[in-house]
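Report on the following structure.
What follows draws every value from the coordinates through simple rules; no lab data is involved. Keep in mind it's a predicted model, so treat the numbers as computed, not measured. Cβ atoms come from the backbone with ideal geometry, glycine included; neighbour counts cover every protein chain shown.
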Amino acid sequence: MAPFGVAPIDCDLHPALPGCMALLPYLDGHWRDEIASRGLDDLDLSLWPRGAPLTVRPDWRSAKGLAGGTLEALRTQALEPFGTGFGILNPLFGAPALHNVDMAAALCRATNDWIAAEWLDRDPRLRAGILVPVESPALTVEEIERRAPDKRFVQVLLLGAAETLLGRRVNWPIFEAAERHGLPVALQIASSARHSPTANGWPTYLIEDHVNFAQTFQSQLLSMIAEGVFTKFPRLKVVLMNSGIGWVPSFLWRGTKEWRALRREVPWVDRSPAEIFREHVRISLQPNDAPEDPEDFAVLLDMVGSDEVLLFSTDWPHWRFDGVEALPPGLPERLLPRVLRDNAIETYPRLKETVQ
Amino acid sequence: MSATTLPRTDAPAETRLRIVDCDIHPAMRSSAELDRWLPARWQQHRREYGLRLRQPFTSTYPYPKSAPALSRRDSWPPSGGPPGSDLDFMREQHLDLHDIAFGMLQPLSVRGMDERVPGFADAVSRAVNEWQLEDWTSKDKRLKGTIAVPGEDAAAAVKEIERWAGHPDFVQISMVTRGLEPLGRSRYWPIYEAAEHHGLPLGLHTLGTSGHSVAGGGWPSFYYEEHQAVAMSLAAMCASFILEGVAERFPKLKFVIIEGGFGWVPSLGWRMDSHWKALRSEVPHLRKKPSEYLKTQFWFTTQPVEEPEKPEHLRKLIDWIGWDRLLFASDYPHWDSDDPRYAFKIQMAEAERRAIFAGNARALYGL
């Protein structure tokens, strides 16, 4: 049954939340009225249009209902074919992008309750990320505190692009809470569209937004490194979802070269950015933005310079590969146990507690 | 590092490698120099209002640079004026010292390319071009000008291109890389049509006050971040040219990407290709894999040269991009400029060295 000989930990699964109406049972009276009277329902993110081929793999599309919308689909499409031991649910839901942070906070809280009741309670293999109203660090910390006692929540889900770059000090309470509770912060390809996706303005096509998000992830990491987040929070881990690893070598080379020249501007950055990256940053396996030649892929991994960076993921139900071909050709045999399982266990302290 | 990449200067003349430097920054002594070529109406405008960009300050940067005039401390001319403003000193300190055969001018500091007042943008761009001819290229035949155009006004830009096309001193076209919209958008296509028609490459030096945050995800705090973000914006610009169909529509158009380094180039190709598999129905105008356009219509200047932890990775990186794609650039006189003797911390074969330091640029620009 299991194609890999070891039960992998899938770090990036996307259960579909139909909309705010599905959250009504989890909202208090005030917010139930607000949502219903405004007719607010779908908060689908524009980076993931439901009809786009990238958003749902063809054979994972459902004739009726939302792709990724049922536990049954998750089991038969994502868990069983790969023999998955644990899977982390990362809902892509737009509540954090609302400008009204109180409304965002209410909907994030309801989403987390919904995840716990309708998914986590029904399959012991499942874990989840905490959806948070990131535009309000104070309300984000409240939600982290509320959720922290439930050890099935293993990370904090952040928009890949929000109002401020994440390293900015206004966001540090989020990192303080995450580190204290043993929760990595995970960045998704999701944007509150407070800024254009590139420094050059708004591109025309969806494919550009996805291609360019590799740069947005780099900006976020650079911000966290430059502001000193990892100096202040030495146990914090960052997981990038869908960033690919192709850009990592040039990011490390440039970051280190410029740090040598400009470090007096950021004196709290006390180690090379490459060293900081390798200790603190993890990346989900999909998509595999890498050379097609397996030997070149091995060189790329050598440039990345760490066996600990990659975390197995299918990115279900997004279309990244066909069949069970989730592992890039050229991934060295010796790395399989790390990528499939061990790296995740070391990244997620809460998973480690459960597994061991 | 002991490895130098250039032959000894006492090599016989016929085999001597003379460098083509694809990024040199001439500077005006002050923006008042523009008046030599501005009509009276715009001279008055300059005195009263000056250049208006999309940034908080009139005469400095929102991310203060790491050196005055962002230049090498030793590059201030003894005659006065800012670095890059004295041709004799540039000859002594750079052109003659490094045996430069040709130097590509990239005027940055006084520019009309992203000025907000359309007529002034046009007038300043024209003045900058006249200045390059009068004060630089006509005085030193090694120097080649770039046709600076006000890119947000495509009609004016095309007129400016037509004014200079065919002039042997002008070998490419410049516009800011961070404009109001990504440069692949159709509002800019008349410029590319003219460029292709006249056989002029686009020489795109990282630049521009678009008003958009310099990093996707917001404004960073530090120059350390901004200085790296500009290379990321160049990757997004290349993606725009390719995925929005400019390279397909103008197959003879050549794109020269200046001062972004080149470490990011292969990964841009890989990521475009991997996403194209699922999203090609959105961009049916592409008739090839996105990376194919990157490999055939784009060139990259080398500065700042990448410095991998393992030097052999630099060779692999260039293998991926293509040894025929890289053009040496010094970025003289800026603080982070590359010295051709020491920039590449690898050994190169003679043919490789000749290609990157001269041959690729000679072929591209027809020198």
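Where nothing but the Cβ of Lys and Arg (+1) and of Asp and Glu (-1) is charged, how large is the charge dipole of the protein assembly as shown around its Cα centre, in debye to the nearest 20? Walk me through the intermediate numbers first.
Details: 81 positive and 95 negative charges, 80 e Å.
So the magnitude is around 380 debye.
With a 10 Å cut-off around each Cβ of A:46-53, the average count of Cβ atoms from other chains is 1. Distance from the alpha carbon centroid of region A:172-203 to that of region B:81-123 works out to 39 angstrom.
Size of the dipole of region A:237-318 about the Cα centre, Lys and Arg at +1 and Asp and Glu at -1 on the beta carbon, nothing else charged, in debye to 20? Each step should come with its number before you reach the end.
Numbers: 9 positive and 14 negative charges, 127 e Å.
It comes to approximately 600 debye.
Taking 7 Å steps out from each Cα toward its Cβ at A:Arg334 and A:Asp322 produces label points 3.4 nm apart. Peptides B:166-179, B:206-219, A:325-338 ranked from most to least packed, by the mean per-residue count of other Cβ atoms within 10 Å: B:206-219, B:166-179, A:325-338.
Residues B:Ser274, A:Ser219, ranked from the fewest to the most other C-beta atoms within 10 Å, line up as B:Ser274, A:Ser219.
Rounded to the nearest 20 Debye, what is the dipole magnitude of chain B about its Cα centre when Lys and Arg each give +1 and Asp and Glu each give -1 at the C-beta?
Working: 45 positive and 48 negative charges, 137 e Å.
So the dipole magnitude of chain B works out to roughly 660 debye.
For B:Glu115, the shell of other residues with beta-carbons less than 13 Å away shows a net charge of +2, using +1 for Lys and Arg and -1 for Asp and Glu. Each of B:Pro26, B:Ala343, B:Ile161 was scored by the projection of its Cα onto the charge dipole of chain B, and the greatest displacement toward the positive side belongs to B:Ile161; charges sit on the C-beta of Lys, Arg, Asp and Glu.
With the cut-off at 1.5 for a/c, could you classify region A:233-356 from its C-alpha gyration tensor as rounded, prolate or oblate? Oblate.
Modelled spin labels at A:Asp113 and B:Thr15, positioned 7 Å past Cα toward Cβ, are 8.1 nm from each other. By the beta-carbon count within 10 Å of each Cβ, the least crowded to most crowded order of B:Ser71, B:Ser31, A:Ser250, fewest first, is B:Ser31, B:Ser71, A:Ser250.
Take the alpha carbon gyration tensor of region B:165-224, find the square roots of its eigenvalues, order them as a ≥ b ≥ c, and report rounded if a/c is under 1.5; if not, report prolate when a/b exceeds b/c, else oblate. Please report the intermediate quantities before stating the final value.
On the way: a/c = 4.34, a/b = 2.01, b/c = 2.15.
Verdict is oblate for region B:165-224.
Pairs to check: B:Lys65/B:Lys295; B:Lys252/B:Lys277; B:Lys65/B:Lys289. Give those whose C-alpha atoms are more than 29 Å from each other in this structure. Result: B:Lys65/B:Lys295; B:Lys65/B:Lys289 exceed 29 Å.
Mean per-residue shielding of peptide A:288-296 is 4, counting Cβ atoms of other chains within 10 Å of each Cβ.
Counting other beta carbons within 10 Å of each Cβ, put B:Trp189, B:Trp270 in order, fewest first.
On the way: B:Trp189 17, B:Trp270 26.
Result, fewest neighbours first: B:Trp189, B:Trp270.
Gap in Å between the Cα centre of region B:241-262 and the Cα centre of region B:343-359? So the two Cα centres are separated by 24 Å.
For peptide A:262-271, compute the average count of partner chain beta-carbon atoms within 10 Å of each residue's beta-carbon.
3
Across chain A, Cα-Cα distances exceeding 38 Å account for 11% of all pairs.
Each helix, a run of at least 4 DSSP H residues, gives -39500 (n - 2.57); summed and divided by the residues of chain B, these come to -9000 deg cm²/dmol at 222 nm.
The slack between B:Phe57 and B:Ala349, meaning 0.36 nm per residue of separation minus the straight C-alpha distance, is 100.4 nm. Region B:215-240 to region B:272-302: how many Å between their Cα centroids? Centre-to-centre (Cα) distance: 21 Å. The shape of the protein assembly as shown comes out prolate: with a ≥ b ≥ c from the C-alpha gyration tensor, a/c is at least 1.5 and a/b beats b/c. Taken over the Cα atoms of chain B, the convex hull encloses 142 Å³ per residue. Along the charge dipole of chain A, Cβ charges K/R +1 and D/E -1, which of A:Val156, A:His14, A:Pro291 sits furthest on the positive end? Going by the charge dipole, the pick is A:Val156.
Among residues other than A:Thr231 with Cβ under 10 Å from its Cβ, the summed charge is 0 (Lys and Arg +1, Asp and Glu -1). With the simple model of a label 7 Å out from the Cα in the direction of the Cβ, B:Gln44 to A:Lys232 spans 5.3 nm.
Since only B:Gln297, B:Val246, B:Val230 are under comparison, the one whose Cα sits farthest along the positive direction of the charge dipole of region B:18-365, derived from C-beta charges on Lys, Arg, Asp and Glu, is B:Val246.
For B:Val176, the residues whose modelled amide H falls within less than 5 Å of its own, excluding neighbours fewer than 5 places apart on the same chain, are B:Gly151.
I'd like to compare A:196-206, B:76-86: which one has the highest average count of other Cβ atoms within 10 Å, and what's the full order after that? Before the final figure, lay out each step's value.
Values: A:196-206: 22.6, B:76-86: 18.1.
Those peptides, ordered most packed to least, come out A:196-206, B:76-86.
Lys and Arg at +1, Asp and Glu at -1: add these up for the other residues within a Cβ distance under 13 Å of B:Glu312 and post the number. For residues surrounding B:Glu312, the net value is -1.
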